[in-house]
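Engineer: Starting off with a structure, shown below.
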Amino acid sequence: MTSPGLGRALIEARTALIGMVRAEMAQFRSVQHVYFDDLDALNILHNVKYLLFMERARAELFNALGFHWKDEITINPDKFHVVAEHSIRYVAPFDGEGDVAVLVNVDHLGKSSLIVAACVESVDGKILYAEGKTRIVRLDLETRKPSPWSDRFRGAIETWRKNA
């Protein structure tokens with residue numbers, strides 16, 4: 001059994017290492033507010049809310065790249081996608097109300113799938129609360145089977161990755 005001080009030191013060291021790795025990756029940053037109704041009975045951010053914050057940040061990235069949910073499917077066919085898989089690891093609890101930063105980066109862009117990595121951290125970047133990945137798959141509107149991302153979407157993701 002480790003002491004609470006040692007546990008906190010390990011979390012801080014790991015957070016610093018992750019910060020160095022993230023500095024090398026293209027990232028999109030979104031600051032989101034934690035409200036009272038996001039908390040559980042222990043006044044800690046409820047576990048499912050982390051996924052929600054990650055999804056919102058991913059949507060903000062897509063909007064920033066010009067792929068808007070409000071656009072007709074003929075203009076934005078890439079919005080017709082589904083979540084195929086989520087994975088998440090909780091590192092440290094977020095207590096009470098306040099702001100968190102969500103960092104999003106594209107881990108992999110496949111023919112019809114996209115893996116987006118995200119982490120939720122303190123606004124100053126000193127505390128990592130959770131990290132996860134989401135795999136989404138673009139579907140054909142008619143067949144509802146996997147379908148390739150459009151050249152426009154693929155180009156926007158690749159350009160963003162190079163310039164971020």
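The values are calculated or read from the model by the stated rules, or taken from the named source; none is laboratory data. Computed from a predicted model, the values in this text were never measured in an experiment. Using ideal geometry, Cβ is built from the backbone for each residue, glycine included, and neighbour counts are taken over all protein chains shown.
Engineer: When you look at His86, is it out of contact with any Phe, Trp or Tyr (no Cβ under 9 Å at 6 or more places or on another chain), over 15 Å from Arg29 (Cβ atoms), in contact (Cβ under 8 Å) with a residue 12 or more places away in the chain and not in a loop (DSSP other than H, G, I, E, B), yes or no?
Structural biologist: yes
Engineer: Name the single residue that is farthest from Ala41 (Cα to Cα) among those in region 89-116 being in a loop (DSSP other than H, G, I, E, B) and aliphatic (A, V, I, L, M). Reasoning before the result, please.
Structural biologist: Restricting attention to region 89-116, the residues satisfying the condition of being in a loop (DSSP other than H, G, I, E, B) are 91-94, 96-97, 110-112.
Filter once more, keeping what is aliphatic (A, V, I, L, M): 91-92.
Details: Val91: 19, Ala92: 17 Å.
Among those residues, the one meeting the criterion is Val91.
Engineer: Would a scan of region 12-29 turn up a residue that is in contact with a strand residue (DSSP E or B) (Cβ under 6 Å, 6 or more places away or on another chain), within 22 Å of Asn105 (Cβ to Cβ) and modelled with pLDDT of 95 or more?
Structural biologist: Yes, that holds for at least one residue.
Engineer: If the requirement is being of a type in the set (Asp, Glu), in contact (Cβ under 8 Å) with a residue 12 or more places away in the chain and closer than 20 Å to Arg144 by Cα, which of these qualifies: Asp99, Asp71, Asp78, Asp95?
Structural biologist: Only one candidate qualifies: Asp78.
Engineer: Quick check: anything in region 78-89 farther than 26 Å from Glu158 by Cβ and at pLDDT 95 or above?
Structural biologist: yes
Engineer: Count, please, the residues in region 98-133 that happen to be small (Gly, Ala, Ser), under 12 Å from the mean Cα position of the chain (by Cα) and within 16 Å of Glu85 (Cα to Cα).
Structural biologist: Residues flagged as small (Gly, Ala, Ser), under 12 Å from the mean Cα position of the chain (by Cα) and within 16 Å of Glu85 (Cα to Cα) within region 98-133 amount to 3.
Engineer: Still on this structure, I have one more. Quick one: what pairs do we get from region 33-53, first residue in contact (Cβ under 8 Å) with a residue 24 or more places away in the chain and in a strand (DSSP E or B), second basic (Lys, Arg) and surrounded by 17 or more Cβ atoms within 10 Å (Cβ to Cβ), C-beta under 9 Å, 6+ apart or different chains?
Structural biologist: Cβ pairs passing all conditions: Val34/Lys49; Leu39/Lys49.
Engineer: Looking at the structure I just gave you, is Ile136 surrounded by 15 or more Cβ atoms within 10 Å (Cβ to Cβ), of a type in the set (A, V, I, L, M) and within 15 Å of the chain's Cα centre (by Cα)? Write out each step before concluding.
Structural biologist: Details: surrounded by 15 or more Cβ atoms within 10 Å (Cβ to Cβ): yes; of a type in the set (A, V, I, L, M): yes; within 15 Å of the chain's Cα centre (by Cα): yes.
In short, yes.
Engineer: Let me ask something else. For Gly66, only one of the following conditions fails: (1) part of a loop (DSSP other than H, G, I, E, B); (2) buried (at least 16 other Cβ atoms within 10 Å of the Cβ). What is its number?
Structural biologist: Of (1) part of a loop (DSSP other than H, G, I, E, B); (2) buried (at least 16 other Cβ atoms within 10 Å of the Cβ), only one is false for Gly66: (2).
Engineer: Are any residues in region 96-133 surrounded by fewer than 15 Cβ atoms within 10 Å (Cβ to Cβ) and either under 11 Å from Ser30 (Cα atoms) or among the small types (Gly, Ala, Ser) (or both), and if so, which ones?
Structural biologist: Answer for region 96-133, where residues must be surrounded by fewer than 15 Cβ atoms within 10 Å (Cβ to Cβ) and either under 11 Å from Ser30 (Cα atoms) or among the small types (Gly, Ala, Ser) (or both): Gly96, Gly98, Asp99, Gly110, Val123.
Engineer: Can you tell me which of (1) within 19 Å of Glu131 (Cα to Cα); (2) at pLDDT 95 or above is the one Phe36 doesn't meet?
Structural biologist: Answer for Phe36: the failing condition is (1).
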